[in-house]
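Below is one structure, written out as C-alpha cells; the observations come after it.
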Amino acid sequence: MQLDCIRTLSRRASGGLSAALATAALALALLLPAPVAAHPHARFTYQLEPILSADAITGLRVRWQLDPISSLMVLRGIDFNRNGVPAPEELAAFARQNDALVAAAGYFLTLGDAEQALTFSVTQGLSALVLGQRIHLEFEVALPAPRPGALTVRLFDPTWYVALSPADPAVPPGHACTGTAETQTLETQGWGTQTIPVVRLRCGAA
C-alpha cells in the first residue's frame, strides 16, 4: 500500500497524522510513481559517527540522507506557506511527526551481533535540515555500557519500504574511528530475502 504522505503532511490541522499513516512503518516514504507492489519505495544513505569516551564507543550519531525524489516530495509536502523555502519550523514539525513512527520501528537500528543485539536508548530524536536540496535526518543513541574499540551496526527496514545503505565513507572523514561496510542476507516480513549492509566500526587499536 502506497502512502499519500504529501497530502497528510500538508494538513495544518492539529489532529496530526492520519490513522493509516500512524500505523505505517515509516512516514518518510512518499507517494512515488511506482506500482503498489514495488519495493523499496525510497533509498536512503546513512553515515555513522561514533560517540567516544577515550577509545570506547558510548553511543552513535546516525545521519540519513534521503534520495533526491524523496527529498523533493518532502520539501513540497511540508512547504505550508508555499514560499518554496523550507522554514526551520516546517522541518522541525516533519522531524517530530516522523520520530514517533521510526521510534516504534526501533529507528531501523540493530547494534551488536544479530543473534544477541544490544539495547540502546535514544538521547536525541530526529532532527531535519536541508543541504543542497537533500533532506538530512539525524538522531543519537547511547549504549547501555561503553564498547571498547569495536561495534557492529545494521540499519534496515524489515518491511522493505525503505532501503538503507551506508554512505561512502560510512564514518565522517577525519573521525577517530573507521567503518568497513559488508553485506548480509536476512529474511524480511513478507518480502523474502534482503541484502543488508553491515558496518563494522573500529576505534583506537581495535
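The values are calculated or read from the model by the stated rules, or taken from the named source; none is laboratory data. Just so it is clear, the model here is predicted, and its values are computed rather than measured. Cβ: placed from backbone, ideal geometry, glycine included. Neighbour counts: every protein chain shown. Accessible surface areas use protein heavy atoms only, side chains included; no ligands, DNA or RNA. Shrake-Rupley method; radii C 1.70, N 1.55, O 1.52, S 1.80 Å.
Structural remarks
- Selection status of Gln116, loosely packed, with under 15 Cβ neighbours inside 10 Å, in contact with a Lys or Arg (Cβ under 9 Å, 6 or more places away or on another chain) and either among the polar types (S, T, N, Q) or within 14 Å of Phe44 (Cβ to Cβ) (or both): no
- Residue check for Gln194: more than 16 Å from Arg61 (Cα to Cα), of a type in the set (S, T, N, Q), part of a strand (DSSP E or B) and open to solvent by less than 30 Å² (accessible area, probe 1.4 Å): yes
- Taking the conditions (1) among the β-branched types (Val, Ile, Thr); (2) under 28 Å from Leu72 (Cβ atoms); (3) touching a residue at least 40 places away in the same chain (Cβ under 8 Å) in turn, Val85 satisfies each one other than (3).
- Total residues in region 153-175, condition modelled with pLDDT of 90 or more and either open to solvent by 50 Å² or more (accessible area, probe 1.4 Å) or not charged (D, E, K, R) (or both): 14
- Qualifying residue in region 123-135 (condition: at pLDDT 90 or above and either over 18 Å from the mean Cα position of the chain (by Cα) or closer than 25 Å to Glu182 by Cβ (or both)): no
- With respect to (1) closer than 27 Å to Thr188 by Cα; (2) touching a Cys at 6+ places or on another chain (Cβ under 6 Å), the lone exception for Phe156 is condition (2).
- A residue that is over 13 Å from Phe108 (Cβ atoms), at pLDDT below 85, touching a strand residue (DSSP E or B) at 6+ places or on another chain (Cβ under 9 Å) and in a strand (DSSP E or B) can be found somewhere in region 176-189.
- Condition met for Phe139 (touching a strand residue (DSSP E or B) at 6+ places or on another chain (Cβ under 8 Å), of a type in the set (A, V, I, L, M, F, W, C), open to solvent by 20 Å² or more (accessible area, probe 1.4 Å) and in contact (Cβ under 8 Å) with a residue 24 or more places away in the chain): no
- Set Arg147, Arg154: member being among the basic types (Lys, Arg), in contact (Cβ under 8 Å) with a residue 24 or more places away in the chain and closer than 23 Å to Arg43 by Cβ: Arg154
- Counted residues, region 38-60 - those being within 30 Å of Gly192 (Cα to Cα) and open to solvent by 10 Å² or more (accessible area, probe 1.4 Å): 7
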